[in-house]
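Notes follow once the structure below has been shown.
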Amino acid sequence: MTQNNPLLNKGITDLNVIGNNPLAICAPGTPPFLFDGSLSAHVTPHSAVGLKEYADRNGILPPGIVQDVNGDASQDVNILYKILQGDRSSGSFPPLGGTKGLWLAMGMEFIAGALTGGFFENAPGKPWGEGAVIFAFDSKLFGSVNMIKQIQDYLKQFKTYPGYNSLEISNQIMSRGWIEYPKSQLESIIRVSNRSGINLNFESLR
């Protein structure tokens, strides 16, 4: 459980004090169950950079990406621009699952923030506490053979789950020795790099 940048709200406060707090859950399986997700509905601070390019090109955001200060859905690119500058005074990213996701994010503040001495004061653009708590259970305490068998039998019922696809991709990459990216992602990498003074092209990324 992690406390990080205050990017969530739903019209319940004028302050920037609710983090986009990721929650990760892992369990032994074949392959292991590996879930790691932030509590925003659609984006993380990293993917928001790609959204800026979309906003620059189109002058509007896809529905549901951001919300205004009242918690209402908005397509205003200026809300995204301010978020990227560390200012949530005009709006925020909507929480996963509406208010239930927001309450979960607030609960994470107590566990991963207050418990670890995280930073709770409001200040636009401030760094967040970046507190983290890890719970690790020794399988020997629970009868590891039976526990692992139960988990594996359960996971066999699914065609895919968190960790399944990433293992397949990892195996493919290791066998062929290279990573395949969609053309749109490569174009985005090239544009950002060239603006930063690093001259890239498709040949240099092969």
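The values are calculated or read from the model by the stated rules, or taken from the named source; none is laboratory data. All of these numbers come straight from a predicted model, not from anything done at the bench. For neighbour counting, all protein chains shown are included, and Cβ atoms are generated from backbone atoms with ideal geometry for every residue, glycine included.
Laid out as a table, the results:
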item: Residue in region 26-40 that is closer than 30 Å to Glu187 by Cα, among the aromatic types (Phe, Trp, Tyr) and without any contact (Cβ under 8 Å) to a residue 60 or more places away in the chain present; result: no
item: All positions within region 85-102 that are surrounded by 14 or more Cβ atoms within 10 Å (Cβ to Cβ) and more than 15 Å from His42 (Cβ to Cβ); result: Gly86, Asp87, Arg88, Ser90
item: Residue count for region 16-41, restricted to those that are modelled with pLDDT under 85 and surrounded by 15 or more Cβ atoms within 10 Å (Cβ to Cβ); result: 3
item: Within region 160-177, considering residues that are farther than 23 Å from Gly37 by Cα and either touching a residue at least 12 places away in the same chain (Cβ under 8 Å) or aliphatic (A, V, I, L, M) (or both), the one surrounded by the most Cβ atoms within 10 Å (Cβ to Cβ); result: Ile173
item: Region 125-165 - residue that is modelled with pLDDT under 85 and among the hydroxyl-bearing types (Ser, Thr, Tyr) and, of those, farthest from Asn5 (Cα to Cα); result: Ser144
item: Among (1) surrounded by 12 or more Cβ atoms within 10 Å (Cβ to Cβ); (2) not in a helix (DSSP H, G or I) - the single one Met147 does not satisfy; result: (2)
item: Residue within region 190-202 that is within 22 Å of the chain's Cα centre (by Cα) and among the small types (Gly, Ala, Ser) present; result: no
item: Per-region count, region 162-183, residues outside any helix (DSSP H, G or I) and either farther than 20 Å from Gln152 by Cα or out of contact with any strand residue (DSSP E or B) (no Cβ under 6 Å at 6 or more places or on another chain) (or both); result: 6
item: Some residue of region 142-155 being closer than 30 Å to Thr116 by Cα, out of contact with any Leu (no Cβ under 8 Å at 6 or more places or on another chain) and of a type outside the set (S, T, N, Q); result: yes
item: All positions within region 85-124 that are modelled with pLDDT of 90 or more and of a type in the set (Lys, Arg); result: Lys100
item: Qualifying positions in region 19-39 - more than 17 Å from Leu102 (Cα to Cα) and touching a Leu at 6+ places or on another chain (Cβ under 6 Å); result: Cys26, Gly29, Pro31
